[in-house]
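The values are calculated or read from the model by the stated rules, or taken from the named source; none is laboratory data. Predicted model, so just to flag it, every value in this text is computed and none were measured. All Cβ positions, glycine included, derive from the backbone under ideal geometry; neighbour counts span all protein chains shown.
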Amino acid sequence: MSQLEIKNLHVAIGEKEIVKGLSLVIGGGEVHAVMGPNGTGKSTLAKAIAGHPDYTITGGDVLLDGHSVLAMEPDERARSGLFLAFQYPSEIPGVSIANFLRAAQQARMAEGEELDASAYYKRLYSKMDLLKIDRKFTSRSVNDGFSGGEKKRCEILQMAMLEPKFALMDETDSGLDIDALRIVAEGVNTLRGPGLGVLLITHYQRLLNYIVPDFVHVMWDGRIVKSGDKDLALELEAKGYDWVKKELVTA
Ligand code: ADP
Ligand code: MG
């Protein structure tokens, strides 16, 4: 079974420390939700784990199956099984989804090895069928003029094709109406299983009605300050984040 271990992680942007000693262990197949108010460092956490160059790790470690990923380039991290679904996916006009995914797949293969086109399309279409995505979708340019829901579907399709061990999903629900939210949740639930661990970052409890997490963590000022099961998310929804803050002050 795979494991992603975040160990006393500290992350800075420039001089400013944003993540301040965060620890979390995600077992293979587990879904962990990280909730917290805006500006608390949730996106910073996800981007730092994925290897974004603007985020400096100043302490701690991130271990994938016992091996530190910190010395790896982002593409090596991806090849070893990490996937980041962006809060705000980039638009790539002129590059079709089919070609983009093909290039991503090719990039994961050993040098000199060539991706078999017919096998690739067969796999792509089977994943699209699984996720109930229309075939026409893949001829469109990546995220170009996409609605919020279409962008998120594109992220989920990438995830399905790359088959990561762990997916970091950063506010996959942001900007989505309820129908789009259901589609995204259905996609994640379809891919969910012993081979895929998920770190699901969300500001609102709403998404967790559709993707029921195994664990819920509250992030506050760069740290996890409270952990529990799915009921913790409901408690947060009812009482707001101030309740956690008050508890922290009195603790
Ligand atoms: P969250 O995702 O929880 O809303 P973020 O990780 O996006 O929080 O941001 C945490 C803090 O880091 C905020 O104060 C934000 O302004 C700051 N921050 C995030 N990204 C950058 C950046 N690229 N440059 C400078 N400051 C940033
Ligand atoms: Mg964020």
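Would you check if LEU236 is surrounded by 16 or more Cβ atoms within 10 Å (Cβ to Cβ), within 27 Å of GLY28 (Cβ to Cβ), in contact (Cβ under 8 Å) with a residue 60 or more places away in the chain and more than 19 Å from the chain's Cα centre (by Cα)?
yes
Name the residue that is farthest from ASP242 (Cα to Cα), counting only residues in the range 172-222 that are within 16 Å of ligand 2 (Cβ to nearest atom) and of a type in the set (Gly, Ala, Ser).
GLY175
Taking ALA46, is it in a helix (DSSP H, G or I), of a type in the set (A, V, I, L, M, F, W, C) and within 13 Å of ligand 2 (Cβ to nearest atom)? Reasoning before the result, please.
Numbers: in a helix (DSSP H, G or I): yes; of a type in the set (A, V, I, L, M, F, W, C): yes; within 13 Å of ligand 2 (Cβ to nearest atom): yes.
Against the criterion (in a helix (DSSP H, G or I), of a type in the set (A, V, I, L, M, F, W, C) and within 13 Å of ligand 2 (Cβ to nearest atom)), ALA46 qualifies.
So is GLY39 outside any strand (DSSP E or B) and on the phi > 0 side of the Ramachandran plot or not? So that I can check it myself, show each step before the final result.
Working: outside any strand (DSSP E or B): yes; on the phi > 0 side of the Ramachandran plot: yes.
So GLY39 fits the description; yes.
How about the range 1-28: which of its residues are at pLDDT below 95 and within 26 Å of LEU234 (Cα to Cα)?
Across the range 1-28, the qualifying residue is only GLY28.
Show the residue pairs that are 6+ apart or on different chains and have beta-carbon atoms under 6 Å apart, the first residue being within the range 41-63 and over 19 Å from HIS217 (Cβ atoms) and of a type in the set (Gly, Ala, Ser), the second being modelled with pLDDT under 95 and away from ligand 2 (no atom under 16 Å from the Cβ).
Final answer for the pair search is GLY51/PRO74; GLY51/ARG77.
Just to be sure before I move on: is VAL69 surrounded by 15 or more Cβ atoms within 10 Å (Cβ to Cβ), under 28 Å from MET109 (Cα atoms), among the hydrophobic types (A, V, I, L, M, F, W, C) and free of Cβ contacts under 8 Å to residues at least 24 places away in the same chain in the structure I sent? Full working, then the answer.
Details: surrounded by 15 or more Cβ atoms within 10 Å (Cβ to Cβ): yes; under 28 Å from MET109 (Cα atoms): yes; among the hydrophobic types (A, V, I, L, M, F, W, C): yes; free of Cβ contacts under 8 Å to residues at least 24 places away in the same chain: yes.
Taking the combined requirement at face value, the residue satisfies it.
Among the listed residues PRO93, PRO89, PRO74, which satisfies the condition of being of a type outside the set (Gly, Ala, Ser) and in contact with a His (Cβ under 8 Å, 6 or more places away or on another chain)? Step through it out loud before you land on a result.
On the way: PRO93 fails: in contact with a His (Cβ under 8 Å, 6 or more places away or on another chain); PRO89 fails: in contact with a His (Cβ under 8 Å, 6 or more places away or on another chain).
Sole residue among the options that is of a type outside the set (Gly, Ala, Ser) and in contact with a His (Cβ under 8 Å, 6 or more places away or on another chain): PRO74.
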